[in-house]
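**Student:** The structure follows.
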Amino acid sequence: AVLVESLLVFTMVLSVHAVVWDRFSWCAVALAVQAFYVQFKWDRLLQLGSAVFQFRGAANSGLLPASMVIPLLGVVMKERCRAAGIVYFERFGVVVASTGMLLALFLSVLAVGITKPVPTNTCILTGIAGSVIIYTMKHSLTVSEVIEVLEVLLIFVYLSMILLYLLPRCFTPGEALLVLGGVSFVLNQLIKRSLNVIEGRGDPIDFFLLVAVVGVILLGLFFTVLFLFMDSGTWISSMFFHMMTAVLGLGVIMPWLYRLIQRNPLFWLLQFLFQTQTRLYLLVYWTFLAASACGVVFYQNAKRSSESKKHQASTITRKYFHFIVVATYVPGLIYDRQLLYVAAVLCLAVFIFLEYIRYFRIKPFGQTLRHLLSLFLDERDSGPLILTHIYLLLGMSLPVWLFPRSCAPKGTLPGAGALVPYSGVLAVGVGDTIASVFGSTMGEIKWPGTKKTFEGTMTAIFAQIIAVALILIFDSSVNLNSSYAWILASVSLVSLLEAYTTQIDNLLLPLYLQIMLMA
């Protein structure tokens, strides 16, 4: 299974660089080769329990697929912005690619360093890949860009030491690279932009994303340290939690956002949400869907209490939420992507805040949330946090957030790139959902080395092609310019990756589909 997963990742890496071959292509290939070898060292460390931290069980390290995501995103972003003549974001793509390569190389060096006896051949490969990457960075980056890359690496190292210690068994090494690497990059961007505020420069919704992500992470770190010294389940602690949330929100996060967007954040948000009648209709519709999702949770829990205490939600039941999310995102993508962008940020902040309430058992809802959500746990929620619903939201939202709007003057990219914002809907909302439902109900032929079925994968590919046809009908901004073969190949490769990967598919699949479509 690991070999096939690696083969699929190599195929996507070579496919992307066949289109956008440049000096970074040599780095990407070298990084992929060494990550393939180091991945087995990480797997051995996880099996022996010799890794530095406790990682999620029942999964391999996932180093190769995770190592290539950020570098490939940077490369395709650089090429798209270069074609559009936007130099600032072309350089930004170079920084993203370089940062992703350095973070992946750091994880590889860490694995090689703690493996006993020292693997000589893997050390040589890692050294060669590192030399190629550093040589290319030396000739591609300015001094300020090198400093920025090193800043992200430093933040990543400190965040990894803190969060992987506080949250054992929540991530595999690959998932930690993706999640903590992304958070490190966001934190560095926020610091950089806060120190260089120029009035009128930058889109407020981008600042809103940066401040919201960093704000909820800092909030979690603050309360984690605080509740080391006091019991979080008491009423006094709960009142203190809510009071300090208000203080930090109104006293730190709001002024920070005010400095960046140069206006009152609450007034700006209210004006933005209710700016047009279409937005009002979408908000009412989304409120109805949110109520429906809550209804599913309460109904399934009522069903559990009447049947058995050990009853767990089936795969099909969990996929109800995928259908609800598709119904949420598609109208937003068609009618108002900026509103969807902001609404997804708000939803992410709410999800993480509710997870804090559940994790710390904050009264009056902490214990209730623990009971309600325990029904929907699966083997991937082996740590203290329940992250699958947050990963689902991220998988649907990241293609919207990472879409290079400044490099798409007409609001959309040419060819297959027009489908980039739909990557989450196609890969997770349609493909993963259909594969799970049909595979678990009608699948008989299993892919070698996995529990996934041939029927599920083929049905997922077919369903995504139908979804693309429906997008063409209902979204007039999408014009594929006869790039149907590339779309079919991209969808097929990502669907096969879903069958073979043991990583969080909600997070990994949309990013790979976005990379392929942007290329």
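The values are calculated or read from the model by the stated rules, or taken from the named source; none is laboratory data. If you're wondering where the values come from, they're calculated on a predicted model, not measured in any experiment. Quick reminder, even Gly has a Cβ in these numbers, built from the backbone with ideal geometry, and neighbours come from all protein chains shown. Each accessible area value is taken on the protein alone, full model and side chains, heavy atoms only, with ligands, DNA and RNA left out. Shrake-Rupley method; radii C 1.70, N 1.55, O 1.52, S 1.80 Å.
**Student:** What order, most packed first, do the peptides 139-152, 167-180 have when packing is the mean number of other Cβ atoms within 10 Å of each residue?
**Tutor:** 167-180, 139-152
**Student:** At q = 0.22 Å⁻¹, what is the base-10 log of I(q)/I(0) for region 408-465 according to the Debye formula with one equal point scatterer per Cα and no solvent? Please give it to two decimals.
**Tutor:** For the requested q values the scattering log ratios are -0.78.
**Student:** Helix-only estimate, please: 222 nm mean residue ellipticity of the chain, summing -39500 (n - 2.57) across DSSP H runs of length 4 or more and dividing by its residues, to the nearest 500.
**Tutor:** One gets -25000 deg cm²/dmol as the mean residue ellipticity at 222 nm.
**Student:** Can you list which of the trypsin sites (Lys or Arg not before Pro) found in region 347-428 are DSSP loop residues with at most 10 other C-beta atoms within 10 Å?
**Tutor:** Filter output for region 347-428: 410.
**Student:** Work out from phi, with θ = phi - 60° and the Karplus expression 6.51 cos²θ - 1.76 cosθ + 1.60, the ³J(HN,Hα) of each residue of region 487-500, listed in order in whole Hz, and give x for Gly and Pro.
**Tutor:** So the J values, rounded to whole Hz, are 5, 4, 5, 4, 4, 5, 4, 5, 5, 5, 4, 4, 6, 10.
**Student:** I'd like to know how region 171-299 sits against the 2.2 N^0.38 Å rule of thumb: what's its Cα Rg over that expected value?
**Tutor:** Ratio of Cα Rg to 2.2 N^0.38 Å: 1.30.
**Student:** At 4 °C and a viscosity of 1.567 mPa s, what translational diffusion coefficient does Stokes-Einstein give for region 1-167, taking Rh as the Kirkwood radius over Cα pairs? Give it in µm²/s as a whole number.
**Tutor:** Rounded, D is 78 µm²/s.
**Student:** OK, next. Where the centre of each part is set by its Cα atoms, how far does region 96-113 sit from region 11-66, in angstrom?
**Tutor:** That distance is 10 Å.
**Student:** Could you run the Karplus curve 6.51 cos²θ - 1.76 cosθ + 1.60 with θ = phi - 60° over region 391-406 and give me ³J(HN,Hα) per residue in whole Hz, x for Gly and Pro?
**Tutor:** Calculated HN-Hα couplings, in order: 5, 4, 4, 5, x, 6, 8, 4, x, 6, 5, 8, 5, x, 4, 5 Hz.
**Student:** So what are the ³J(HN,Hα) numbers for region 464-469, from phi and the Karplus equation (6.51, -1.76, 1.60; θ = phi - 60°), rounded to whole Hz, Gly and Pro as x?
**Tutor:** Here the 3J(HN,Hα) series is 5, 5, 4, 4, 4, 4 Hz.
**Student:** Follow-up question, since we're still on this one. Report Rg(Cα)/(2.2 N^0.38 Å) for region 212-361, keeping two decimals. Don't jump to the answer; show the numbers that get you there.
**Tutor:** Details: Rg = 18.7 Å, N = 150, 2.2 N^0.38 = 14.8 Å.
Its radius of gyration relative to the 2.2 N^0.38 Å reference: 1.26.
**Student:** Quick one: which residues, 5+ away or cross-chain, put their amide H under 5 Å from the amide H of residue 453? H built at 1.01 Å from N.
**Tutor:** Under 5 Å from the amide H of residue 453: 447.
**Student:** Got a number for the accessible area of residue 445? Probe 1.4 Å, square angstrom, nearest 10.
**Tutor:** Answer for residue 445: close to 100 Å² accessible.
**Student:** Which percent of the Cα-Cα distances in the chain go past 40 Å?
**Tutor:** Roughly 19 percent, rounded to a whole number.
**Student:** Are there cysteines in the chain with no second cysteine's Cβ under 4.7 Å away, and if so, which?
**Tutor:** 27, 123, 170, 294, 347 - these cysteines have no disulfide-compatible partner (Cβ-Cβ under 4.7 Å) in the chain.
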